[in-house]
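Each reported figure results from applying straightforward, stated rules to the coordinates on display, with no laboratory input. These figures come from a predicted structure and were not determined experimentally. Quick reminder, even Gly has a Cβ in these numbers, built from the backbone with ideal geometry, and neighbours come from all protein chains shown.
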Amino acid sequence: MLPHTNRLSKQEDFKGVFSQRKTKHSHRLVIKKKSNNLPFSRFSVIISARVIKGAVGRNRLRRQLNEILRLHLNRIKKSFDIILVVKSGLVDQKYNEIEKILVGLLKENKLYV
């Protein structure tokens with residue numbers, strides 16, 4: 001589980017990230033980012049009920065993504081608010097594939113050191 005300081009939870013923070021146009025798409029995942037003035041990065045994962053119907057599946061995928069972020073936290077650049085939006089292509093992937101996709105997208109965005 002991500003440490004509490006690394007979680008994006010306030011509505012005004014979400015609005016700030018969504019107001020930025022810095023978005024990177026893949027066919028399985030979307031990353032929205034905004035710089036902040038904090039010495040750490042904050043993350044949130046959004047999975048629509050349209051993507052995965054059952055709450056159990058959504059929560060499982062959310063936990064997997066949060067665990068990947070936690071394990072790679074020391075390699076992700078600081079001072080960013082990052083929102084991950086899951087698309088339907090990520091649903092049937094294994095954990096290792098999800099990790100490759102997420103790390104690859106972070107590298108594309110120059111967020112991974």
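Summary table below
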quantity	calculated
Answer residue from region 33-63, given it is in contact (Cβ under 8 Å) with a residue 40 or more places away in the chain and of a type in the set (A, V, I, L, M) and is farthest from Asp13 (Cα to Cα) among those	Val51
Selection count where residues are free of Cβ contacts under 8 Å to residues at least 12 places away in the same chain and either in contact with a helix residue (DSSP H, G or I) (Cβ under 8 Å, 6 or more places away or on another chain) or assigned to a helix (DSSP H, G or I) (or both), scope region 64-102	5
Subset of region 4-56 that is charged (D, E, K, R), in a helix (DSSP H, G or I) and loosely packed, with under 14 Cβ neighbours inside 10 Å - its residue that is farthest from the chain's Cα centre (by Cα)	Glu12
Filtered residues of region 57-70 (kept if basic (Lys, Arg) and surrounded by fewer than 15 Cβ atoms within 10 Å (Cβ to Cβ))	Arg60, Arg63, Arg70
Pair list, Cβ under 9 Å, 6 or more apart: region 5-24 residue on the phi < 0 side of the Ramachandran plot and in contact (Cβ under 8 Å) with a residue 24 or more places away in the chain, other residue part of a loop (DSSP other than H, G, I, E, B) and of a type in the set (A, V, I, L, M)	Thr5/Leu38; Phe14/Leu8; Val17/Leu8
